[in-house]
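Let me begin by presenting the structure, written as structure tokens, before commenting on it.
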């Protein structure tokens, strides 16, 4: 009887750890860097960094420039809505590794063109 109870407890804990340990969300997005597609030198591409567990983001002009918009985000359907202290950015979730900026918000400090595509990269995690 004790073996059955221990086995059931082990299976339950395994399922809990498997559910909590994934870095993906219900939208399929991963925690990490999404770089803007374009003709950029390495480390000069604008980026979007997402933390799926904490629901936070950083959006910057490049990895070597210290200024970045930071804040929290939420997903609604196929949209990712990222809100910083100064503005709100809206991205369309194209698939689990691609986001498209559809609204750059009203911020004058960080201006990126609408319809810019950001692609997930493992390179600079």
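The values are calculated or read from the model by the stated rules, or taken from the named source; none is laboratory data. Keep in mind that this is a model prediction, so the values were computed, not measured. For neighbour counting, all protein chains shown are included, and Cβ atoms are generated from backbone atoms with ideal geometry for every residue, glycine included.
Laid out as a table, the results:
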| read-out | value |
| --- | --- |
| Some residue of region 99-106 being farther than 19 Å from residue 55 by Cβ, surrounded by fewer than 14 Cβ atoms within 10 Å (Cβ to Cβ) and touching a residue at least 60 places away in the same chain (Cβ under 8 Å) | no |
| Residue count for region 89-98, restricted to those that are surrounded by fewer than 16 Cβ atoms within 10 Å (Cβ to Cβ) and without any contact (Cβ under 8 Å) to a residue 60 or more places away in the chain | 1 |
| Flag for residue 123 being in contact (Cβ under 8 Å) with a residue 24 or more places away in the chain and either assigned to a loop (DSSP other than H, G, I, E, B) or within 13 Å of the chain's Cα centre (by Cα) (or both) | yes |
| Qualifying position, being crowded, with 16+ Cβ neighbours inside 10 Å and closer than 15 Å to residue 119 by Cα, among 59, 43 | 59 |
| Scope region 107-120; condition under 17 Å from residue 40 (Cβ atoms) and free of Cβ contacts under 8 Å to residues at least 12 places away in the same chain; matching residues | 111 |
| Matching residues in region 66-77 - criterion: being surrounded by 13 or more Cβ atoms within 10 Å (Cβ to Cβ) and either farther than 13 Å from residue 31 by Cβ or modelled with pLDDT under 95 (or both) | 68, 69, 70, 71, 72, 75 |
| Residues located in region 78-88, provided they are within 14 Å of residue 56 (Cβ to Cβ) and either surrounded by fewer than 16 Cβ atoms within 10 Å (Cβ to Cβ) or out of contact with any strand residue (DSSP E or B) (no Cβ under 9 Å at 6 or more places or on another chain) (or both) | 81, 85 |
